[in-house]
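Before any comments, here is the structure.
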Amino acid sequence: MSGRLRVLQVTPRFFPDMGGIETHVYETARRLNAMPGLRVDVLTTDRDGSRPPVEVVEGIRVRRVPAWPRERDYYIAPRIRAAVGSGYYDLVHCQGVHTAVPVIAMATALAAQTPYLVSPHTGGHSSAMRHRLRDVQWWTLGPLLRRARQVLCVAEFEKEMFARLARVAANRLAVIPNGVEPAATGVQPDASTPTVVSVGRFEKYKGQHHLIAALPTLLEQEPRAQLLLVGKGPYEDELRAQAIRLGVADRVGFTFVPPAERQAMTDLLAGAHVVALLSEYEAHPVAVMEAVALGRPVVVAPATGLGELADRGLAERVDNPADPRTVAAALLRHLTSDTATGGDTATGGDAPVGAGSHSAPSTRLPTWDDCANALADSYRAHA
């Protein structure tokens, strides 16, 4: 190994694509490259040929290779093998385990005897069959995951899941949560327009339809309420049609914030009276953590990483997201309370977030610096 540790992060997608993995790679890679003795490059895919094959993004050298099929999420990228197996890198870090991209990267690194780490970043799927097959998928990946120097999970439930299903040894499992570091903002919720904000890709499993279904009941109690859905995705047309069917289309807004526009996202979350995510599956959602850091009340579904946040007192759990009245009642508690003042949870503040909301936790939230430092320690220990 040279004096400078050369690391290749392999990710199926990267900015300008939107998502938790993309944000994680962007936030960590640029910080890691600012550390002495480290050089982190990113290898990703380009499914439609519209992006440069090589570019530098905030000091990160990004290389893109073709992938097929273009319109599916199980695409393959054979040219991953050449970059991973070149022998140039001291360590390979596979980000995500949902496509063939990390499988190719792990298998190639193993054959080249290059040490590799894996961050699974597990997620749900709108296909019920694909969702049910997840356990089989993790079991099938077991041989490759067990040969990783470490499997770096973003939440405790992930760690338990890969120990149980993929039989990864305890000493090869670690938890490094996503970070949170919203920009400073002077934005406050507008008392005249009680607003629910939900951030996430428009997929059925993300649960935005539960919020729309609850809106008629919510409007009976708070006629000024509005719902703002932030994202993009294939389920958008159905969400718009649902709002029309229920007669609430004028109270449901749709918008999109480009991933690199962090200030715009911070301002949007800061202006919410309550942030809601009723997804069937989330590992460690970045937008929810940013809302908590801004002192915004958060309402979540009970499953996976969302339930874990509720257990820590960071969010309010809705046990039955499919019940519109239960969801409406949870949202109403925050829309009718004074949520205009919030504590800076990320720095350990615990100012009140409103009489009807959950208390702002005093526990310090992990930052992206924390996340990058933990990755750097892992890189140095396992290269």
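Scan the stretch 331-338 and tell me whether some residue there is crowded, with 23+ Cβ neighbours inside 10 Å and part of a loop (DSSP other than H, G, I, E, B). First the steps, then the outcome.
Here is the first cut: in the stretch 331-338, the ones crowded, with 23+ Cβ neighbours inside 10 Å are 331, 334-335.
Going one step further and asking which of them are part of a loop (DSSP other than H, G, I, E, B), we end up with none.
Scanning the stretch 331-338 turns up no residue that is crowded, with 23+ Cβ neighbours inside 10 Å and part of a loop (DSSP other than H, G, I, E, B).
The residues of the stretch 183-209 that are farther than 16 Å from G19 by Cβ and of a type in the set (S, T, Y), listed by number, are T185, S192, T193, T195.
Only residues that are free of Cβ contacts under 8 Å to residues at least 12 places away in the same chain, farther than 18 Å from R31 by Cβ and not hydroxyl-bearing (S, T, Y): list them for the stretch 41-57, please. Please lay out each step first, then the result.
Let us first name the residues in the stretch 41-57 that are free of Cβ contacts under 8 Å to residues at least 12 places away in the same chain, namely 50, 54-56.
Still in the running and farther than 18 Å from R31 by Cβ: 50, 54-55.
Scanning the stretch 41-57 gives V54, E55.
For T217, the criteria (1) in contact with an Asp or Glu (Cβ under 9 Å, 6 or more places away or on another chain); (2) surrounded by fewer than 20 Cβ atoms within 10 Å (Cβ to Cβ); (3) at pLDDT 95 or above hold in every case but one, which is (1). Of all residue pairs spaced 6 or more apart or on separate chains, those with beta-carbon atoms under 7 Å, a first member in the stretch 80-99 that is on the phi > 0 side of the Ramachandran plot and a second member that is surrounded by fewer than 19 Cβ atoms within 10 Å (Cβ to Cβ) are G87/A112. Scoring E236 on the criteria (1) within 21 Å of the chain's Cα centre (by Cα); (2) surrounded by fewer than 22 Cβ atoms within 10 Å (Cβ to Cβ); (3) in the same structural domain as S119 (by TED's automatic domain parsing) leaves a single failure, condition (3).
Hey, among the residues in the stretch 1-35 that are assigned to a loop (DSSP other than H, G, I, E, B) and modelled with pLDDT of 95 or more, which one's farthest from R61 (Cα to Cα)? Applying the filter and picking the extreme gives M35. H121 passes every criterion in (1) buried (at least 18 other Cβ atoms within 10 Å of the Cβ); (2) at pLDDT 95 or above; (3) in a loop (DSSP other than H, G, I, E, B) apart from (2). Scanning the stretch 245-276 for residues that are among the small types (G, A, S), in a helix (DSSP H, G or I) and touching a residue at least 24 places away in the same chain (Cβ under 8 Å) gives a single hit, A270.
Here H98, H93 are screened, and the one residue that is in a loop (DSSP other than H, G, I, E, B), in the same structural domain as V10 (by TED's automatic domain parsing) and under 24 Å from the mean Cα position of the chain (by Cα) is H98.
Hey, does the stretch 51-59 have a residue that's of a type in the set (A, V, I, L, M, F, W, C) and crowded, with 23+ Cβ neighbours inside 10 Å?
Step one: filter the stretch 51-59 for residues of a type in the set (A, V, I, L, M, F, W, C), giving 54, 56-57.
Adding the requirement that they be crowded, with 23+ Cβ neighbours inside 10 Å leaves none.
Within the stretch 51-59, none of the residues are of a type in the set (A, V, I, L, M, F, W, C) and crowded, with 23+ Cβ neighbours inside 10 Å.
The values are calculated or read from the model by the stated rules, or taken from the named source; none is laboratory data. No experiment lies behind these values; they were computed from the predicted model shown. Here Cβ is always computed from backbone atoms with ideal geometry, including for glycine, and neighbour counts include all displayed protein chains.
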